[in-house]
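Below is one structure, written out as structure tokens, with a few remarks after it.
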Amino acid sequence: MIKLLTLLLSLIERFFGAREAAKLRQEGRQEVIREVNDAVLRQVELGEAASSIPDPERTERLRGRFDRSRGGK
């Protein structure tokens with residue numbers, strides 16, 4: 001009888017342990033997703049900031065590429 005109770009308690013402990021581990025993995029995944037989203041948003045903000053500053057050299061390079069792709073110049 002004691003062996004049966006010990007086995008039953010051991011199974012219950014494994015069940016709750018596995019459940020807790022799954023919960024921690026899920027929370028970890030959500031944290032990683034948040035971190036990746038934050039990193040992407042920072043990169044988007046940096047890109048928007050860089051493109052909003054007038055850069056005559058960049059504009060000229062892009063204009064030259066556009067013209068060459070259309071067969072001009």
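The values are calculated or read from the model by the stated rules, or taken from the named source; none is laboratory data. Keep in mind the model is a prediction, meaning the values are calculated, not measured. Every residue, glycine as well, gets a Cβ built from its backbone with ideal geometry; the counts of neighbours run over all protein chains shown.
Results, tabulated for the structure shown:
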read-out: Flag if Ala49 is surrounded by 10 or more Cβ atoms within 10 Å (Cβ to Cβ) and either free of Cβ contacts under 8 Å to residues at least 12 places away in the same chain or not charged (D, E, K, R) (or both); value: no
read-out: Test for Lys73: is it touching a helix residue (DSSP H, G or I) at 6+ places or on another chain (Cβ under 7 Å), at pLDDT below 95 and of a type outside the set (A, V, I, L, M); value: yes
read-out: Counted residues, segment 52-61 - those being surrounded by 10 or more Cβ atoms within 10 Å (Cβ to Cβ) and either among the polar types (S, T, N, Q) or at pLDDT below 90 (or both); value: 3
read-out: Total residues in segment 1-31, condition of a type in the set (Val, Ile, Thr) and loosely packed, with under 10 Cβ neighbours inside 10 Å; value: 1
read-out: Residue in segment 32-46 that is farthest from the chain's Cα centre (by Cα), counting only those that are acidic (Asp, Glu) and at pLDDT 95 or above; value: Asp38
